[in-house]
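The values are calculated or read from the model by the stated rules, or taken from the named source; none is laboratory data. Just so we're clear, the structure is a prediction, and the values are computed from it rather than from any experiment. With ideal geometry, Cβ positions are generated from the backbone for all residues, glycine too; neighbour counts draw on all protein chains shown. The accessibility values were calculated without ligands, DNA or RNA, using every heavy atom of the protein model including side chains. Shrake-Rupley method; radii C 1.70, N 1.55, O 1.52, S 1.80 Å.
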Amino acid sequence: MVAVAHDADPSAAWGKLFKLSWWPVRIRWGVAPGLLAAVYAAQAAGVVFPAWAFVLVAAFILIGNLGIYWHFSRPEPGWPRSHQECRQLVGWQAAIDGIALWAVTYLTGGVTGPLVVGFLLPVFFVSMLLPARAALAFCTAVLTVLGITALAEVYGWLPHQSLFFRGVDIVPPPHPMRTLSSLGFLAGSAYLAAGFMGPAVGGFRQQVQDIERRGQTEAVTSRRLQSIFSALEAIGSVRDLKRVLETAVAEVALVMQVKGISVKLLSEDGKLLRYAAAFGLPESMVREKVVEVERSPLNKRVIQGELFVTGQVTATEMFQFGETLSAAHLQSVLFVPLNLEGRVIGILGAYCEKPDRFDAEEVNFFRLTARLVAIAVENARAYEAVTAMSGERTWFMMKVAHNLRAPLAGMLSILEVVRDGYLGPINDQQSEYLRRLDRRARTMLALVNELMVLSRNRQRPEGECAAATELAVLARRVQRTFQDKAAEKRIGFRVNLSADLPDVRGRLETVEQMLENLVSNAIKYTPAEGSVDVRFSRANGTVRIEVGDTGIGIPAAARPKLFTEFFRAENAKAMEDIGTGLGLAIVKEIADQLGGRIVVESEEGVGTIFVVHLPIAAAPAS
Amino acid sequence: MNTKGFILVVDDDPDIVATSRIILESNGFEVQTASNGKEALDLLSRRRPDLMLLDVMMASDTEGFDLAFKLKEDPEFKDLPIIMLTAFLDKVRTEGPGPFEFILGEQWPVEWLFEKPLDTKKLLAKIEAIFTAKKIVPG
């Protein structure tokens, strides 16, 4: 949210006005006891009047004030008040005071009585706190009621109440002239007060209203900014077209405060419009719905770049858009083209139940939004295309590898039959060349095998991270796989496992593949009488797997490219001509896939240590 | 002919069939070959072999499996030792019947699985071992 300065906050400004209007409520608590005291004093002084009626009036004031207090003091008067609330507060108070004053005035001799001037109090109060028109209306209402009361007394419909003091009627009996002059005095004062005070206070009120309006605009702007931010965030982080659009329509609906938003995307040939996402619209309208552009002239116009906006949409128009929305009682509809580099890729639509909802500013904002949505669509589509392409490449690699294996197997079988002399004796030179051929074919086979592993790991990463591998089993299998080979080369080979190690993340086969590649390299590049050690231990919430050897080492220059596919260091090639350069690429691929990491330390001629850190499995291996 | 045993080799790859025949015959076995499941069944009905080498993928990806399952159901052949061969161990691991852990267990129609290209020494050793265990009398 954009921060709004406190004094420009409309609710705070209305809060001040509300506080001002609240003062009379506090004063009024004193009115009822005051009235009772006055009644008592007057009676003690010997004034004769219907005291019980005054008690009733005091009760009425008390109850009325309680009602106002009860209604307006909730929620806690932290004063974030609206302008309607201020008016209601003043209005209710004016009504209670007016009724009470009427009763008191009537009971003390009517319009010609001494208390009629009391009406000036609520008139001042109302003039200050309500707009001029409301103040004038209040004055008129008071004068009308008083006028009717006077007439009623003159014609005898209402009995005239008198005040007797020591047996003398101190209020002159109703007489048209006296009544008129009294009313005239009151009217003059009241209208003057309303007319002068209104404009004086009006300035303040205007200021508050300006602040309110500005605050509302700021709130709308800030909501829009937030929505644009959310949309941008979605474009940047979400790759899936459906999710990008779902986020976009929900955000746009929220910020524009409309009932519904739809995105229709144009097919590649430009002939069909398909609903790609919708918010707030009936499912039946959106799902699987396809509109033929040729048959829908209004859609066609939007696709050609025009916008369509109406505040009183007709059923025919909606039908022409291919949308049957009559049940949703929508009145305002706005459609703008989704434009991308001068090309229209679809239509963004907004729907609202209120008539004449979209003004020029909103249409403009909606057009900008449409540009953003268009970019999001294109971005997600591009990403999907790239993903599909890389998936196809992996599939192709797998297929090639598989199909190379069968003929290779055939070749190697034939070679063996010839080399081993099954088909008759061969001379030494022939034997040497067949041996070379065999080595080449086996290199190729290794390459194919590793390509298959690599593509398999790329193709099926799902479920890998949920699986767990028991290290004792892994250690045993690695020991068994390599002990003969190591013994054959007279290399010391040990697997050390500290006690109570947790399971690591990943399927046994996958983790084993990774470890096999490391151990097989270590044995391959360690000369006779050397040693290869595998150590499992626990380190900082991970399992540390170390494969150390006393082999030829990795030259510093080769280290940066070590995990690159098909890379082999020069000293490795010199020592062993068979090698694919895929082994360590696979190790890296698996470590990454499992959320682990791998580091290497090496000194040429001394040895190499590979350390893999693998995360501990979430659940133990079953 | 006095041989160490009678072996049926079933594979659709003619090179594998030919080389297996040469190697097995040179090592004293009598060999017959078939290039698909149907031919194999035909030969089996005429003369029962002592052991069968069976490729997994022939015309279909599972032709070898299908034949092996069929023989396992058949009382006459359920004890016939079968060594399965495949060039696609990886595919068999992931797509074969049951997970790889059971590869040599009861859920599989065979007890032994060899990857192609074959390690001839190991294969011959395995065949000898099977024959010794089953006390197949050369004949």
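Cβ-Cβ distance of A:D438 and A:M575, R₀ of 25 Å, FRET efficiency by 1/(1 + (r/R0)^6): the value works out to about 0.80. Compare each residue of segment B:1-42 in its chain alone against the assembly with all protein chains, and report those whose accessible area goes down by 50 Å² or more; 1.4 Å probe, heavy atoms. Residues meeting the cut-off: B:T19, B:I22. Helix A:10-45 and the long axis of chain A differ in direction by around 30°, with both axes built from C-alpha atoms. Taking both sides together, the accessible area buried where A meets B is about 1700 Å² for a 1.4 Å probe. Could you state the angle between the C-alpha long axis of helix A:508-524 and the longest principal axis of the C-alpha atoms of chain A, as a value from 0 to 90 degrees rounded to the nearest 10? For helix A:508-524, the angle is close to 40 degrees.
The angle separating the long axis of helix A:51-72 from the principal Cα axis of greatest extent in chain A is about 20 degrees. Given their separation in residues at 0.36 nm each and the Cα-Cα distance between them, A:V290 and A:R178 gain 32.0 nm when the chain is fully extended.
Can you pull the Kirkwood radius for segment A:479-622, inverse mean 1/r over Cα pairs, to one decimal in Å?
In segment A:479-622 this quantity evaluates to 15.5 Å.
Only helices enter this figure: runs of n ≥ 4 DSSP H residues, each worth -39500 (n - 2.57), summed and divided by the residues of the protein assembly as shown, yield -18500 deg cm²/dmol at 222 nm to the nearest 500.
Placing unit charges on each Cβ (+1 for Lys and Arg, -1 for Asp and Glu) gives the protein assembly as shown a dipole about its Cα centre, and among A:V116, A:F563, A:T144 the Cα reaching farthest toward its positive end belongs to A:V116. In terms of its C-alpha gyration tensor, segment A:387-443 has a prolate overall shape, because the principal axis ratio a/c (a ≥ b ≥ c, square roots of the eigenvalues) is not below 1.5 and a/b outweighs b/c.
If you wrap a convex hull around the C-alpha atoms of segment A:453-522 and split its volume per residue, what is the figure in Å³?
Working: hull volume 5.8 nm³, N = 70.
Cα convex hull per residue, to the nearest whole number: 83 Å³.
Identify all lysines with a Cα-Cα distance to A:K264 below 26 Å; exclude those on the same chain that are fewer than 8 residues away in sequence. Leaving aside lysines fewer than 8 places away in the same chain, those within reach of A:K264 are A:K242, A:K289, A:K300, A:K354.
If you take every residue apart from A:L434 with its C-beta less than 14 Å away from the C-beta of A:L434, what net charge results, scoring Lys and Arg +1 and Asp and Glu -1? Once all neighbours under 14 Å are counted, the net charge is +1.
For the pair A:A315 and A:L340, a Förster radius of 22 Å applied to the C-beta separation gives a FRET efficiency near 0.10, rounded to the nearest 0.05.
Placing a pseudo-label 7 Å from each Cα along the Cα-to-Cβ vector at A:S390 and A:N403 gives an inter-label distance of 2.5 nm. Across the options A:A134, A:I27, A:G64, the greatest Cα extent toward the positive end of the charge dipole of the protein assembly as shown (unit charges at beta carbon of Lys, Arg, Asp, Glu) belongs to A:I27. Full extension of the chain segment joining A:R597 with A:Q430 gains 55.3 nm, where the gain is 0.36 nm per residue of separation less the Cα-Cα distance. Taking all C-alpha pairs of segment A:308-458, those more than 23 Å from each other amount to 65 percent. Assign unit charges at the C-beta atoms only (+1 for Lys and Arg, -1 for Asp and Glu), then state the dipole size of segment A:387-443 relative to its Cα centre in Debye, rounded to the nearest 20. Dipole magnitude for segment A:387-443 comes out near 240 debye. Computed about its Cα centre, the charge dipole of segment A:461-615 is approximately 160 debye, with only Lys, Arg, Asp and Glu carrying charge at their Cβ. Dipole of chain A computed with +1 at Lys/Arg Cβ and -1 at Asp/Glu Cβ about the Cα centre; of A:W92, A:V313, A:N379, farthest Cα towards the positive end is A:W92. The calculated FRET efficiency for A:D484 paired with A:L423, based on their beta-carbon distance and R0 = 22 Å, is about 0.10. Counting Cβ atoms of other protein chains within 10 Å of each residue's Cβ and taking the mean over peptide A:412-422 gives 5. Of all beta bridges that DSSP places with both ends in the protein assembly as shown, some 70 percent have antiparallel geometry.
Within segment A:258-297, the GluC sites (Glu not before Pro) that combine a DSSP coil assignment with at most 15 other C-beta atoms in a 10 angstrom radius are A:E268, A:E288.
Looking at segment A:199-249, none of the GluC sites (Glu not before Pro) sits in a DSSP loop with at most 13 other Cβ atoms within 10 Å of its own Cβ. Tell me whether segment A:404-541 comes out rounded, prolate or oblate; compute the Cα gyration tensor, take square roots of the eigenvalues as a ≥ b ≥ c, and use a/c under 1.5 as the rounded threshold. Here segment A:404-541 falls in the oblate category.
All C-alpha pair distances within chain A, sorted into 10 Å bins from zero, spread as 3, 11, 13, 10, 10, 11, 11, 9, 6, 5, 5, 3, 2, 1, 0, 0 percent across the bins. Which of the pairs B:K4/B:K134; A:K16/A:K259; A:K399/A:K561; A:K489/B:K121 have their Cα atoms more than 24 Å apart in this structure? Checking Cα-Cα distances, A:K16/A:K259; A:K399/A:K561 exceed 24 Å. The simple spin-label model puts a point 7 Å past each Cα toward its Cβ; for A:R274 and A:V363 those points are separated by 3.2 nm.
Dividing the convex hull volume of the Cα atoms of segment A:181-290 by its residue count, what figure in Å³ per residue is obtained?
172 Å³
Apolar share of the accessible surface for the protein assembly as shown: 58 percent from carbon plus sulfur atoms, 1.4 Å probe. When only Cα pairs below 8 angstrom with a gap of at least 6 residues are kept, chain A shows a relative contact order of 8 percent.
With the largest listed first and rounded to whole Å, the semi-axes of the equivalent ellipsoid of segment A:238-388 from the Cα gyration tensor are 23, 17, 15.
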